[in-house]
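Undergrad: Encoded as structure tokens, here's the structure I'll be asking about.
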Amino acid sequence: MPHTEVGQGIYTSSAMMMAEELELDLDQVKVEAAPPDMSKYMDPNLYDQATGGSMSTRSDWMRLRQAAAAARIMMVSAAAARWKVDPSTLTVERGIIHNPLTKAQFTFAEIAPEAATQAVPTDIKLKEPSEFRLIGTRARRVDTATKVNGAAIYGIDIRRPGMKFATLAMSPVKGGTIASMDEKAGRAIPGVVDIVRSGNDAIAVIAEHMWAAKQGLDALAITWDNGPNGTVTLESIVAKMDEASKVQGVVIRNEKSAEAAIEKAKTKLSAIYQSPFLSHAPLEPLNCTLHIRADGAELWVGTQVPVRAQKAVADAIGLAPEKVVVHNQLMGGAFGRRLDVDSIEIAAKLLKDIRYPVKMVWTREQDMTHDYYRPYYYDRVAAGLDDSGKLAGRTHRVTGSSIYARWAAAAFKNGIDPDAVDCAAETPYDEDAVLADYVRQEPDGMNTSWWRGVGPTHNVFVIESFVDEMANATRQDPLEFRRRMLGRNPRALAVLNLAAEKAGWGQKLPKGRGQGISLQFAFGSYLAHILEIDVAADGSIGLIRSVIAVDCGITINPDTVLAQMQGGIIFGLSAAMFNRITLTDGAVDQTNFDTYRVMRINEVPKVEVYQIHNNEAPGGVGEAATAAAAGALANAIFAATGKRFRSLPLADAMGA
């Protein structure tokens with residue numbers, strides 16, 4: 001499969017799309033990860049062989065079905081040629097081609113060699129939705145059994161003959177170097193095999209087992225020279241963002257003089273919102289297994305970008321990319337972290353002179369303190385409303401780092417990072433006067449990258465919180481205020497109405513309880529979220545009920561949509577409640593789950609998901625619910641307490 005399984009269910013959805021056109025059942029399909037090959041497996045929307053951006057189903061919806069239908073046509077044509085009959089007289093069921101007149105039959109396996117000699121058809125008629133047998137059904141995932149019985153292999157499960165284990169340390173401050181260490185003490189630990197360095201900022205201990213490698217690393221007692229970023233703090237980064245945000249950036253959208261409309265408006269609002277750096281914190285920490293030989297290398301790793309992984313190893317050890325074989329594995333969480341290959345590149349540099357297989361494992365502490373973090377964003381917003389309480393104009397300036405400029409420079413055109421402003425420039429609402437601009441501001445001493453949705457996860461929080469502020473400023477019900485602005489967007493109105501109905505919007509709630517709304521069009525899907533919370537006297541927040549209505553167009557597997565909504569909203573609420581990365585003297589403060597809180601089972605709200613099914617093009621679902629979390633939570637807190645918070649995380653803001 002061109003896209004990799006990160007737990008999002010794409011192996012099952014992709015298999016369903018192909019089995020549908022092949023006339024197979026899902027139990028007849030075996031799924032394997034595609035090898036690195038941009039010519040065959042490039043995602044047409046990401047311009048890379050990459051899995052991310054809730055893009056997999058959207059990118060594969062037509063091409064996988066076309067490939068499967070072409071294969072079926074070629075096999076039927078080969079059978080027809082053997083029987084000297086018209087292909088249209090033959091039928092296919094569960095991978096068997098039937099000749100109704102003679103009762104003869106071929107299995108796909110029997111006829112495949114001859115089918116491979118057929119011309120690949122170019123005029124392919126795909127099934128109509130009314131003809132689907134599999135698409136739209138609640139199919140059991142193809143990887144459930146192996147994940148339940150423990151047979152599934154993740155990167156961290158890899159074992160190779162003669163393999164050693166390694167763990168590493170890097171400067172806690174970006175740009176820092178090793179000042180001193182006791183290598184003799186490290187080598188004296190029983191089981192330690194070797195100690196290797198990459199430049200003067202990373203060192204690894206190789207041992208017979210992970211515990212010996214960890215003990216050997218600790219025994220080195222490394223001290224660091226923090227270098228030029230040794231005085232960086234979160235406060236110094238934010239101060240620079242504040243200053244940068246005072247100057248107009250690159251204009252993304254400018255319609256009908258929004259600033260003039262605001263100036264003339266009866267009610268004017270302005271605010272600054274802040275969204276923190278966030279870590280990915282996947283349960284499976286970063287790891288890879290490398291076996292480097294003089295004439296080639298093998299890499300076992302779970303990666304969202306196999307071509308980049310292959311190139312990282314090839315460049316580090318001076319081989320042609322085709323000399324590096326990549327065995328892509330299942331991933332125990334990624335959330336965008338494995339869209340970067342820094343961990344693979346560092347491992348290859350450290351192990352370039354080692355000729356036996358080595359599994360390099362990052363400790364949780366190394367993983368969390370050397371992450372490529374979700375960027376910090378600093379948003380200036382303003383709006384004006386007329387005498388009737390109708391939105392007259394809106395401005396939105398996004399200030400933050402550009403992932404695209406580093407990760408895919410071709411997509412960073414004219415100083416615009418399209419992801420940073422996603423859902424800020426364009427909203428689901430009827431808006432005539434809008435000014436949206438972007439200020440690129442890279443933080444000192446921090447690497448930033450993809451997360452589980454970057455632009456929408458911060459912009460939907462800002463927009464939906466500010467929409468609530470507009471409703472409150474004009475004494476309007478938040479639901480009705482939104483409805484009034486959806487005259488041109490029936491799909492958005494439909495999910496909003498469905499969520500409101502199911503959540504019982506407008507009911508009288510006990511003191512301390514509140515409901516908050518969030519509405520979005522992100523990743524190609526419409527989603528409305530209504531969250532009900534309870535705020536105790538000490539400010540602690542109890543999450544009671546999360547009601548989601550989603551329209552993601554045609555649905556491949558409703559169970560996958562349900563699972564992604566449930567997982568995504570818990571992930572997003574966990575971040576909105578508890579998470580932020582801070583720095584002291586240039587080093588990240590958070591090191592593990594004791595200081596980077598993850599929502600516990602007893603804190604999870606009841607999650608209800610309602611799906612609207614139609615035949616619109618598929619939208620993404622992997623990150624949609626995550627984006628809907630923070631805005632609804634901030635609005636629910638306001639409804640319950642009258643307090644408006646514009647910075648995340650919200651449990652910190654409440655002082656609980």
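The values are calculated or read from the model by the stated rules, or taken from the named source; none is laboratory data. These figures come from a predicted structure and were not determined experimentally. Cβ atoms come from the backbone with ideal geometry, glycine included; neighbour counts cover every protein chain shown. All accessible areas refer to the heavy atoms of the entire protein, side chains included, with ligands and DNA or RNA removed. Shrake-Rupley method; radii C 1.70, N 1.55, O 1.52, S 1.80 Å.
Undergrad: Apply the Karplus curve 6.51 cos²θ - 1.76 cosθ + 1.60, θ = phi - 60°, to the phi angles in the range 557-574 and return the couplings in whole Hz, x for Gly and Pro.
TA: Working through the residues one at a time gives 9, x, 5, 5, 4, 4, 5, 5, 5, 5, x, x, 6, 5, 4, x, 5, 4 Hz.
Undergrad: Applying a 10 Å radius around every beta-carbon, put 300-313, 212-225 in order of their mean neighbour count, most first.
TA: Details: 300-313: 25.1, 212-225: 19.0.
With the highest mean Cβ count within 10 Å placed first, the list reads 300-313, 212-225.
Undergrad: Still on this structure, please answer the following. Roughly how big is the range 137-287's charge dipole about its Cα centre, with Cβ charges of +1 (Lys, Arg) and -1 (Asp, Glu), in debye to the nearest 20?
TA: Values: 19 positive and 16 negative charges, 170 e Å.
Here the range 137-287 has a charge dipole of around 820 debye.
Undergrad: So in the chain, what percent of DSSP beta bridges are antiparallel if you round to the nearest 5?
TA: Numbers: 79 of 103 bridges.
Here the antiparallel bridges make up roughly 75 percent for the chain.
Undergrad: What number, in percent, do you get for the relative contact order of the range 378-456 if the mean sequence gap of Cα pairs under 8 Å and at least 6 apart is divided by its residue count?
TA: This gives 33 percent for the range 378-456.
Undergrad: Using per-residue counts of other Cβ atoms within 10 Å, averaged over each peptide, order 86-94, 352-360 from highest down. It would help to have the intermediate numbers written out before the result.
TA: Working: 86-94: 13.3, 352-360: 18.7.
Going from most to least packed, we get 352-360, 86-94.
Undergrad: Right, something else. FRET efficiency for Gln118 and Ala617, Cβ-Cβ distance as r, R0 = 41 Å, nearest 0.05? All intermediate terms of the calculation are to be shown ahead of the outcome.
TA: Numbers: r = 30 Å, r/R0 = 0.74.
According to the calculation, E is roughly 0.85.
Undergrad: May I pose another question? From the backbone phi of the range 267-273, what are the Karplus-calculated ³J(HN,Hα) couplings (6.51 cos²θ - 1.76 cosθ + 1.60, θ = phi - 60°) in whole Hz, Gly and Pro given as x?
TA: 10, 10, 9, 8, 7, 10, 10
Undergrad: Under a straight-distance cross-link criterion of Cα-Cα below 14 Å, which aspartates and glutamates are reachable from Lys606, leaving out those fewer than 8 residues away in the same chain?
TA: Glu532, Asp534
Undergrad: Continuing with the same structure: Let me have the relative contact order for the chain, percent, based on Cα pairs under 8 Å that are six or more residues apart. Present the calculation step by step, with values, prior to reporting the outcome.
TA: Details: 1456 pairs, mean separation 99.2, N = 656.
After rounding, I find 15 percent.
Undergrad: Which residue, Met75, Asn149, Ala109, has the largest displacement toward the positive end of the dipole of the range 55-196 when charges sit on each Cβ (Lys, Arg +1; Asp, Glu -1)?
TA: So the residue furthest toward the plus end is Asn149.
Undergrad: Tell me, what HN-Hα J-couplings in whole Hz come from the Karplus equation 6.51 cos²θ - 1.76 cosθ + 1.60 at θ = phi - 60° for each residue of the range 397-404, using x for Gly and Pro?
TA: Coupling constants for the range 397-404: 10, 9, 10, x, 6, 10, 6, 4 Hz.
Undergrad: So, R0 is 60 Å and r is the distance between the beta-carbons of Thr146 and Arg484; what FRET efficiency does that work out to, to 0.05?
TA: Numbers: r = 51 Å, r/R0 = 0.85.
After rounding, the FRET efficiency stands at 0.75.
Undergrad: What Rg and what Dmax come out for the range 45-183 when only alpha-carbon atoms are used, in angstroms?
TA: Answer for the range 45-183, Rg first and Dmax second: 24.9, 83 Å.
Undergrad: Heavy atoms only, probe 1.4 angstrom, no DNA, RNA or ligands counted: give me Arg72, Arg600 ranked by accessible area, highest first.
TA: Numbers: Arg72 45, Arg600 130 Å².
Sorted descending by solvent-accessible area, the residues read Arg600, Arg72.
Undergrad: Which one, [x] 32, 27, 25; [y] 68, 28, 17; [z] 41, 38, 22, gives semi-axes √(5λ) of the Cα gyration tensor in Å as derived from the coordinates shown?
TA: [z]
Undergrad: Still on this model: So for the pair Asn602, Met62, with labels modelled 7 Å out along Cα→Cβ, what separation do we get in nm?
TA: 5.2
Undergrad: Next question. Given a Förster radius of 41 Å and the C-beta distance between Lys511 and Val250 as r, what FRET efficiency does 1/(1 + (r/R0)^6) yield to the nearest 0.05?
TA: Numbers: r = 47 Å, r/R0 = 1.14.
The computed FRET efficiency comes out at 0.30.
Undergrad: Right, another one. What shape does the range 98-145 have by the C-alpha gyration tensor, where a ≥ b ≥ c are the square roots of the eigenvalues, rounded means a/c under 1.5, and otherwise prolate means a/b greater than b/c and oblate the rest? Working shown, then result.
TA: Working: a/c = 1.68, a/b = 1.50, b/c = 1.12.
Judged from the Cα gyration tensor, the range 98-145 comes out prolate (a/c at least 1.5, a/b above b/c).
Undergrad: Rolling a 1.4 angstrom probe over the protein chains, ignoring ligands and nucleic acids, what is the accessible area of Glu208 in square angstrom, nearest 10?
TA: Spelled out: Glu208, probe radius 1.4 Å, area about 90 Å².
Undergrad: Students often forget the sequence filter, so: which lysines lie under 25 Å Cα-Cα from Lys174 once same-chain residues fewer than 8 apart are removed?
TA: Those lysines meeting the cut-off are Lys214, Lys240, Lys311, Lys349, Lys352, Lys359.
Undergrad: Here's a follow-up. Between Asn447 and residues 5 or more places away or on another chain, which pairs have amide H atoms under 5 Å apart, with H built 1.01 Å from N, and which residues are they?
TA: Tyr373
Undergrad: Output the peptides 476-482, 592-598 sorted from most to least packed, where packing is the average of other Cβ atoms within 10 Å over each peptide's residues. Let's see the in-between values first.
TA: Details: 476-482: 19.0, 592-598: 14.1.
With the highest mean Cβ count within 10 Å placed first, the list reads 476-482, 592-598.
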